[in-house]
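A short worksheet on the structure shown next.
The values are calculated or read from the model by the stated rules, or taken from the named source; none is laboratory data. Just so we're clear, the structure is a prediction, and the values are computed from it rather than from any experiment. Cβ atoms come from the backbone with ideal geometry, glycine included; neighbour counts cover every protein chain shown.
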């Protein structure tokens, strides 16, 4: 850890222990940003070292994919997900996550292929069904979107985002009454979490 970061952490800890609400000073947001960025960089460094020492460590490749996705470096994220799949081609999470990268890149056909593989490997994978519904919704194929979004809430009734997306889909189809029902279901699902 960098000495400057360590000093800032100590100052922040002292402020918290003394009862000073450092959130009012903006220090927390500043420190949170520094900590998040530093931890992320340190994490990336150690994940890269892990795969240098043991290339078949699929989980490390996957976490590198996640880290670069968060940084919005989609090309590198896909490279790491593809490496993970070399060592574990049966991981539905990697297919779902890499599908989300393709979705962000607006390559919806490739995203759908990845999501489809995710649900082939894990037929009750609610998040992947939700993501498939998103692809069809973006393409304006609302009936197909509803099929997959309904599967998502069937497998995970607490998936509030899927209920919300169903509501948006009904709204796009021109049915405000159904849209409002699903917006309410989204709020109820969010409260159940």
Exercise for review: Would you check if there is a residue in the stretch 178-187 being free of Cβ contacts under 8 Å to residues at least 24 places away in the same chain, closer than 26 Å to residue 78 by Cβ and surrounded by fewer than 19 Cβ atoms within 10 Å (Cβ to Cβ)?
Suggested key: no
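Residue check: is residue 148 assigned by TED's automatic domain parsing to the domain that holds residue 104, crowded, with 23+ Cβ neighbours inside 10 Å and free of Cβ contacts under 8 Å to residues at least 24 places away in the same chain? Spell out the reasoning first.
On the way: assigned by TED's automatic domain parsing to the domain that holds residue 104: no; crowded, with 23+ Cβ neighbours inside 10 Å: yes; free of Cβ contacts under 8 Å to residues at least 24 places away in the same chain: yes.
No; evaluated as a whole, the condition is false for this residue.
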Review point. What helices (runs of 4 or more DSSP H), lying completely within the stretch 1-103, carry at least 1 residues that are surrounded by 11 or more Cβ atoms within 10 Å (Cβ to Cβ) and at pLDDT 55 or above?
Key: 27-53, 58-70, 74-87
Exercise for review: Would you mind stating whether residue 126 is in contact (Cβ under 8 Å) with a residue 24 or more places away in the chain, crowded, with 16+ Cβ neighbours inside 10 Å, touching a helix residue (DSSP H, G or I) at 6+ places or on another chain (Cβ under 9 Å) and on the phi < 0 side of the Ramachandran plot?
Suggested key: yes
**Study point:** Condition met for residue 167 (part of a loop (DSSP other than H, G, I, E, B), farther than 27 Å from residue 63 by Cα and without any contact (Cβ under 8 Å) to a residue 24 or more places away in the chain)
**Key:** no
Exercise for review: Answer with yes or no whether residue 121 is touching a residue at least 12 places away in the same chain (Cβ under 8 Å), under 30 Å from residue 41 (Cα atoms), surrounded by fewer than 24 Cβ atoms within 10 Å (Cβ to Cβ) and touching a helix residue (DSSP H, G or I) at 6+ places or on another chain (Cβ under 7 Å).
Suggested key: no
Review point. Inside the stretch 96-118, can you point out the residues that are farther than 21 Å from residue 150 by Cβ and in contact (Cβ under 8 Å) with a residue 24 or more places away in the chain?
Key: 97, 98, 101, 102, 104, 105
